[in-house]
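Here is the structure we will look at, set down as structure tokens.
The values are calculated or read from the model by the stated rules, or taken from the named source; none is laboratory data. As the structure is a computational prediction, the values presented were derived from the model and not from experiment. Here Cβ is always computed from backbone atoms with ideal geometry, including for glycine, and neighbour counts include all displayed protein chains.
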Amino acid sequence: MNKEQNTFSGSRSALAHPPIVQMAHGSGGRMMHDLIRNFFHAHLVSDQLQKGDDAATLAMGSSRIAFTTDSYVVQPIFFPGGDIGDLAVNGTVNDLCMCGARPLYLSAGFILEEGLAFDELERVLQSMAAAAERAGVQIVTGDTKVVDHGKADRLFINTAGVGILEHDHEMGARCLQPGDQILLSGPIGQHGLAVLSQRQGLEFSGEIISDTAPLHELTASLLAECGAAVHALRDPTRGGVAAALNEWAETSGVEIRIAQNKIPVLPAVQSGCALLGLDPLSLANEGKMLAVVASEWAERALQVMREHPLGRQAAHIGEVKAGSAGWVSLRTELGAWRVLAWPSGELLPRIC
């Protein structure tokens with residue numbers, strides 16, 4: 001319940017019709033945030049949960065650590081550019097990075113479905129091991145359960161991660177300030193469309209592969225150079241850039257304005273989204289980062305991001321304003337302004 005948290009103005013009655021969990025509650029949009037606010041936050045109360053960050057930051061004697069957990073139920077478990085194994089490692093590593101931590105240790109819990117082929121399990125484990133080595137983390141503890149055939153869609157993975165905070169400044173969803181600038185590390189929408197194409201057997205005019213990757217080096221470079229000028233980081237996974245920006249706007253009580261023509265989107269993703277009626281801003285990413293930095297540091301931060309292979313196409317996409325609190329405004333390519341709302345409906349569930 002880390003990265004999908006958010007504030008919600010309303011009562012539990014917002015979920016009264018129907019009074020059951022739907023697939024849309026797991027897609028990263030408005031319904032998911034309402035579910036977490038109205039149910040999980042109502043019963044599992046802590047200051048860290050209410051912050052709505054990707055990980056909890058905890059004092060341990062004279063040190064501070066970051067702690068996070070996530071579960072992976074992607075379907076299918078193998079997709080262009082990755083699989084559920086490296087996705088689980090990279091996703092948890094990135095949650096730690098978004099709080100400014102250096103990832104150190106992971107746990108891994110496996111729910112295996114009866115009938116899973118051992119060669120598929122071994123392929124996933126090899127992928128996890130390679131991803132952990134690349135990210136410089138160790139998987140130090142775990143658990144395994146087996147359930148009846150048809151009860152787990154072959155394989156689910158839960159991970160938890162611990163990292164160390166090597167700085168003492170505050171950053172997070174509540175730290176956005178008017179005047180801050182918003183940067184994006186690269187093209188969006190690849191992971192969501194890659195999983196969808198594999199799931200549905202779709203082919204597009206260009207190759208689309210998942211962007212799953214660990215962001216530890218990129219975030220470390222940014223923090224080393226810009227320090228306290230970095231006010232917030234977020235990897236826009238479920239719900240994409242649209243959900244991440246709306247969450248920030250609500251949590252910090254600010255308006256965010258972005259420009260559509262500044263947002264990098266690969267031509268193959270753009271054409272695929274046009275064909276299917278999807279918005280790249282609402283699609284999941286697993287190797288991209290949004291950064292909010294103080295205005296005077298924006299150019300240097302962008303330069304630092306572009307110096308890393310995972311940030312070569314980084315862009316300055318918008319700014320934070322003191323205008324309509326909780327709103328995200330998008331300037332279209334025609335120059336008009338419109339509200340960039342929370343993603344709604346089912347979107348693309350089971351993609352991470």
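Selection over the range 124-169 of residues that are outside any strand (DSSP E or B), surrounded by 14 or more Cβ atoms within 10 Å (Cβ to Cβ) and on the phi < 0 side of the Ramachandran plot gives a count of 12. Take the conditions in a helix (DSSP H, G or I) and in contact with a Gly (Cβ under 9 Å, 6 or more places away or on another chain) and apply them to Ala194. Does it pass? Yes: the conditions hold for Ala194.
Screening the candidates Thr68, Thr57 for the property of being in a strand (DSSP E or B), at pLDDT 95 or above, within 19 Å of the chain's Cα centre (by Cα) and buried (at least 18 other Cβ atoms within 10 Å of the Cβ) yields one hit, Thr68.
Tell me, please, whether a residue that is of a type in the set (Ser, Thr, Tyr) and either in contact with a strand residue (DSSP E or B) (Cβ under 6 Å, 6 or more places away or on another chain) or surrounded by fewer than 21 Cβ atoms within 10 Å (Cβ to Cβ) (or both) can be found in the range 279-294. Walk me through how you get there before you give the answer.
Just the residues of the range 279-294 that are of a type in the set (Ser, Thr, Tyr), to begin with: 282.
Then drop every residue that is not either in contact with a strand residue (DSSP E or B) (Cβ under 6 Å, 6 or more places away or on another chain) or surrounded by fewer than 21 Cβ atoms within 10 Å (Cβ to Cβ) (or both), which leaves none.
Scanning the range 279-294 turns up no residue that is of a type in the set (Ser, Thr, Tyr) and either in contact with a strand residue (DSSP E or B) (Cβ under 6 Å, 6 or more places away or on another chain) or surrounded by fewer than 21 Cβ atoms within 10 Å (Cβ to Cβ) (or both).
Restricting to the range 13-28, count the residues that are modelled with pLDDT under 80 and surrounded by 14 or more Cβ atoms within 10 Å (Cβ to Cβ). Give the steps one after another, and end with the answer.
In the first step, residues of the range 13-28 are kept if they are modelled with pLDDT under 80; the result is 13-18, 27.
Now drop any that are not surrounded by 14 or more Cβ atoms within 10 Å (Cβ to Cβ), which leaves 14-15, 27.
So the answer is 3.
The set of residues in the range 203-245 that are of a type in the set (S, T, N, Q), crowded, with 24+ Cβ neighbours inside 10 Å and under 15 Å from Leu183 (Cα atoms) contains only Thr219.
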